[in-house]
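Below is one structure, written out as structure tokens; comments come after it.
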Amino acid sequence: MESILAVAIGVIFASSIYMMLRRSIVKLVIGLMLLSNAANLLIFTMAGLTRGAPPLVPEGQVAPPGAVADPLPQALVLTAIVIAFGVLSFAVVLVRRAWEIVRTDDLNRMKDIDT
Amino acid sequence: MVRSGTLILSVAARLLLPLQLLFSVFLLLRGHDEPGGGFIAGLVAAGAFALYFFAYGQYALNAMLKVSPRDLVAVGLLIGLISTLPAWLAGEAFFTAQWWSLPVIGIKVSTPLFFDIGVYLAVVGSVLTAITALADTAQASDASN
Amino acid sequence: MQLMVLAGLGLALMAPWLHRRLGERSALVMAAWPLALAGWLAFQGPGILAGDTLLLEWRWVPALDITLTFYIDGLAWLFAMLISLIGAMVLVYTSEYLKGERDLPRFLVIISAFMTSMLGLVLADNLVTLFVFWELTSITSYLLIGFHHQDPAARRSAQQGLFVTVGGGLALLAGLVMLAQAGDSWSLAVLIQRGEQLVGHELYTPMLICVLIGAFTKSAQFPFHFWLPNAMAAPTPVSAYLHSATMVKAGVYLLARLHPALGDTTLWEMTLSLVGAVTMATAALLAIRETHIKKLLAYSTVMALGALTMLLGIGTPGAMVAFVVFLLAHSLYKGALFMVAGILDHATGTKDVTAMGGLRRVMPWTAGIACVAALSLAGLPPLLGFVGKELMLASLLEALPYGGLVLALAFLGAFLTLAVAGIVALKPFFGSLGDTPATPHEAPWAMLIGPALLAGLSLVCGLLPGKLDGLVTGVVSGLGVSDPNVHLALWHGVNPALLLSLASLLLGTLVVRYWDRARGVLARFDRLAAFGPEQGYERLMAGMVHLASWQTRWLQNGQVRHYLAMTLLTLMALVGHALFIRHPGPLAFHVDAYFHEVVVAGLMAAAALTACLMRSRLAAVAAVGIMGFCIAMLFVLFSAPDLAITQLLVETLTVVLLVLVLFRLPRFTRLSTPLERCRDLLVAGSFGLLMTLFMLGVLSADALPRISDYMVANSQPLGQGHNIVNVILVDFRALDTLGEMFVLALAAIGVQAMLRFHADEQSDPATPGRRPDDG
């Protein structure tokens, strides 16, 4: 399954880069969202995938009975998701403000307007 | 764009808000043992407030919250930092967890719990800051239309 | 002791306050600190000069083996003594020289910071500590040269001095690191015991070159000599202190310090003696052209520094004795002469020697001090300068197979030095009274006492050189000369060195007599300066600016896409190189998946592609949303319930955000040409492919043991939690989480700031940002 996900993640990376290279700043933001998702999945997948064994210790025991999914990448990705959301909200507000001032979403035109 | 919503939305928001907030607190408290925790609970609470905000608008939200979302972020950070102090007072390494048992109700209290509460507040505060900021600008441009 | 030295920094902080309380007298009060240090040193003196060394240890960064240890042997003692004594005199002198200067507090701050750094530099035992202090002296020197910062010339000179010395400092850092590697220690006291190990080491040559560049730039050796005369833009106390007595000697100090460790090879001897001699001769010729009294003295300082370097290069016991005596003599007379130059400048309002004359009647004390100091500079009996010069010439005569060239250059330097001394002592004070901008008057006592003491010391030491035997023996024994047998005397009988001295006296007198004509002759060679090192420096700086602006235009053209593409291409080149060339390995592809998993993964990839192709914003956002839900599904399938919940919640909130924003923006339009699309598609496609291959490569490689086993095992026993992910977040790795909270807070503050900006703008209707809305 990891191999298949690797291909799917490659596709998401490619889409995100393509979007980020566009001139519209909205597409840039969408690219950013795709990129953060791809990166999260990459970390998650690289640690190896485990089916049906969440990293929880059953009630009344000191350790999980068998092998469980690696909790560390999960913890990393969990914060990464929230941080990506924080960054996205910042970017979105920035885009919004920029639009109000320069009235364009074309990055080339934005560059030429001195405000 | 953001105006007071339809009847269904208003009623739903009013009914759901306490339930959602309760649920978020539940998620926060059980987070140490079951799926949940500060980040998730914070997002649930932020979602609840966002719904209320869509139904009733900025002023109603501010009136209900009584504090600005920005202050929530600050309080969250502060609690997170304060939760490191007991370990320091006990002469242990920075961030070493400290556990106490409340004698009467038998609930375990710990610095990680406080830390998680700090995370919770920081998440709620920053998400709400972004949403209200955007709504502000949206209203402003509505007004100028 | 460390505290005593570092107290200088505290004093620097207090200087503005002292100044407010005491006015100009604050400089006098501050002079108590170097005097106290000098007293302490004098108290330790007999022991140290008898051969003891003091090692005062203070651990600073133990993990990196960096200590603030002071190592005091004879050499360090002599330097520290000179620094504190001359420092005290300079402070006293300053109280009068900068009287009424508005920026006096700033001056006092910087000069006490400099004093601390300089003391730290000569006393430091640890190489890193030495380097830190070395750079601090460069920085304080920069601030002092540019003290009159309104003057563009001063700013330019300050920058030049900084670039040259700090550039050399970088080379020195490399050299010191190599030195520590080769000698297996960061301690100077240890390193100087390991000379043979260092000289035999394969890094010896690069290490020596780096250290020499550092020392030569600091001590203004050819071809880096040009910054020192320009540094004369600084106030005169600075020139007297930093640019003749102390800082410029740091390079010489370092060479002397490392002489036992790195010396004793042909490379060392050849380089040092030749560079020193060439510096001497060049500076001598340049000096004769000058009429600016401070620059004249500056060139003669360069000559002296060249002489010192040359003596270290010769390296015989005789040369070492000459080195120490010459160093001492130079610090005494040059400090005095610079202060005299300052007095003259103050009294006459000009720095041009040719404009002054006949001042001995108005300023008898100054004239007397100047004559005594100049006699020492000229190397005439009965002054210490004479003893030093005789020793130097004697050691040249006895040394070196290729000594002829060095001797010739040194002789040129010697008689031109004599000429400089003559010019400085005779021109301003004798002859007819010159026409100067200000009416000359005798200087106040505070300005006279410093130079008078220094000149007096020159005279006393010259008359009684035998008293210095103990001092010189103590210092020389620290320079790696075993069994020193020092007997200084004024009169050695008639010997070749004395004959050379007489010849130089004759030639020097002739130069003074026909100075104007000599200047005229030398002026014809001015065009040669176009090929000099200073021009090289200018070219280099201009080239750097040119390069910077070119690469900024090319790389940073203001288009985010361009930056992104550049970063990606670099990343792809590096990762690709690592993946395929450095570590080629198998790329295994395993299909061990259930049908529903493949469907979810496929849907996810398809949704991402759809997001790119959609012309409508709503569809694009919806496609991203579908992708997010597919990811959440994958988290569910692969045992990550917390992630699944988080992802779902974030997706919901993201939709809220986008709804609030994106639909106020214009529709997507086709902005790029087909060619641009193909190019971007190529970049994006290859990046995606690379990431896939990278993941396959990593997954095919041997798996390393998981680092989270400890956390899994201890989550319940130590963390008292059953949800291991949450225990990691709030307990095991709580510090990371705290950092992430701060990131969130920063994002919120950023949003808030933009909001504030918006509110300000609305309250100000004149802001052009808001136009009448058309949509």
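The values are calculated or read from the model by the stated rules, or taken from the named source; none is laboratory data. Because the structure is a prediction, the values reported are computed rather than measured. Cβ sites come from the backbone with ideal geometry, for glycine too, and all protein chains shown count toward neighbours. These area figures cover heavy atoms from the full protein model, side chains too; ligands, DNA and RNA do not enter into them. Shrake-Rupley method; radii C 1.70, N 1.55, O 1.52, S 1.80 Å.
Summary table below
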item: The range A:90-106 - residue that is more than 9 Å from chain B (Cβ to nearest Cβ) and open to solvent by 30 Å² or more (accessible area, probe 1.4 Å) and, of those, nearest to the chain's Cα centre (by Cα); result: A:Leu94
item: Condition check for C:Ile83: open to solvent by less than 30 Å² (accessible area, probe 1.4 Å), more than 24 Å from the chain's Cα centre (by Cα) and of a type in the set (Val, Ile, Thr); result: no
item: Candidates B:Ala46, B:Ala12, filtered to the one that is open to solvent by less than 70 Å² (accessible area, probe 1.4 Å), in contact (Cβ under 8 Å) with a residue 40 or more places away in the chain, at the interface with chain C (Cβ under 7 Å from one of its Cβ atoms) and part of a helix (DSSP H, G or I); result: B:Ala46
item: Residues satisfying the stated conditions in the range C:632-643, i.e. more than 9 Å from chain A (Cβ to nearest Cβ) and within 25 Å of A:Phe90 (Cβ to Cβ); result: C:Ala632
item: Every pair of residues 6+ apart whose Cβ atoms lie under 7 Å, when the first sits in the range C:420-442 and is over 21 Å from C:Val512 (Cα atoms) while the second is open to solvent by 70 Å² or more (accessible area, probe 1.4 Å); result: C:Glu442/C:Trp365
item: The range C:310-331 residues that are under 21 Å from C:Leu405 (Cα atoms), paired with ones that are part of a helix (DSSP H, G or I) and β-branched (Val, Ile, Thr) (beta carbon under 6 Å, 6 or more apart); result: C:Met320/C:Val476
item: Residue within the range B:52-73 that is among the small types (Gly, Ala, Ser), within 12 Å of chain C (Cβ to nearest Cβ) and either open to solvent by 50 Å² or more (accessible area, probe 1.4 Å) or part of a helix (DSSP H, G or I) (or both) present; result: no
item: Among the residues listed as A:Val57, A:Val62, the single one being open to solvent by 20 Å² or more (accessible area, probe 1.4 Å), facing another protein chain (nearest Cβ under 7 Å) and of a type in the set (Val, Ile, Thr); result: A:Val62
item: Failed criterion for C:Arg706 (all others in (1) under 23 Å from A:Ile43 (Cβ atoms); (2) facing another protein chain (nearest Cβ under 7 Å); (3) without any contact (Cβ under 8 Å) to a residue 24 or more places away in the chain; (4) part of a helix (DSSP H, G or I) hold); result: (4)
item: Selected residue (only one of C:Leu285, C:Leu258, C:Leu308 is at pLDDT 85 or above, assigned to a helix (DSSP H, G or I) and over 23 Å from C:Glu196 (Cα atoms)); result: C:Leu308
item: Subset tally (residues that are open to solvent by less than 10 Å² (accessible area, probe 1.4 Å) and not in a helix (DSSP H, G or I)) for the range C:709-758; result: 4
item: Flag if C:Arg539 is away from chain A (no Cβ under 14 Å), assigned to a helix (DSSP H, G or I), at pLDDT 85 or above and open to solvent by 100 Å² or more (accessible area, probe 1.4 Å); result: yes
item: Only listed residue being farther than 19 Å from B:Leu43 by Cβ, surrounded by fewer than 20 Cβ atoms within 10 Å (Cβ to Cβ) and either over 55 Å from the mean Cα position of the chain (by Cα) or among the aliphatic types (A, V, I, L, M) (or both), chosen from C:Arg679, C:Arg582, C:Arg617; result: C:Arg617
item: Subset of the range B:21-43 that is out of contact with any helix residue (DSSP H, G or I) (no Cβ under 7 Å at 6 or more places or on another chain) and not in a helix (DSSP H, G or I) - its residue that is most open to solvent (accessible area, probe 1.4 Å); result: B:Glu34
item: Residue within the range C:240-256 that is buried (at least 24 other Cβ atoms within 10 Å of the Cβ) and farther than 21 Å from C:Gly168 by Cβ present; result: yes
item: Candidate set from the range C:432-450 (those that are in a loop (DSSP other than H, G, I, E, B) and open to solvent by less than 50 Å² (accessible area, probe 1.4 Å)); member that is farthest from C:Thr354 (Cα to Cα); result: C:Pro444
item: C:Arg106 vs. criteria at pLDDT 85 or above and more than 20 Å from the chain's Cα centre (by Cα); result: yes
item: Some residue of the range A:8-19 being modelled with pLDDT under 90 and more than 7 Å from every other protein chain (Cβ to nearest Cβ); result: no
item: Residue in the range C:354-376 that is under 28 Å from C:Ala518 (Cα atoms), among the charged types (D, E, K, R) and surrounded by fewer than 23 Cβ atoms within 10 Å (Cβ to Cβ) present; result: yes
item: Sole exception among (1) crowded, with 24+ Cβ neighbours inside 10 Å; (2) touching a residue at least 40 places away in the same chain (Cβ under 8 Å) for C:Ser117, by number; result: (2)
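Quick grid of which residues meet (1) in contact with a Cys (Cβ under 6 Å, 6 or more places away or on another chain); (2) within 7 Å of chain C (Cβ to nearest Cβ); (3) open to solvent by 30 Å² or more (accessible area, probe 1.4 Å):
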position: A:Ser36; (1), (2), (3): no, no, yes
position: A:Arg51; (1), (2), (3): no, yes, yes
position: A:Asp70; (1), (2), (3): no, yes, no
position: A:Leu88; (1), (2), (3): no, yes, no
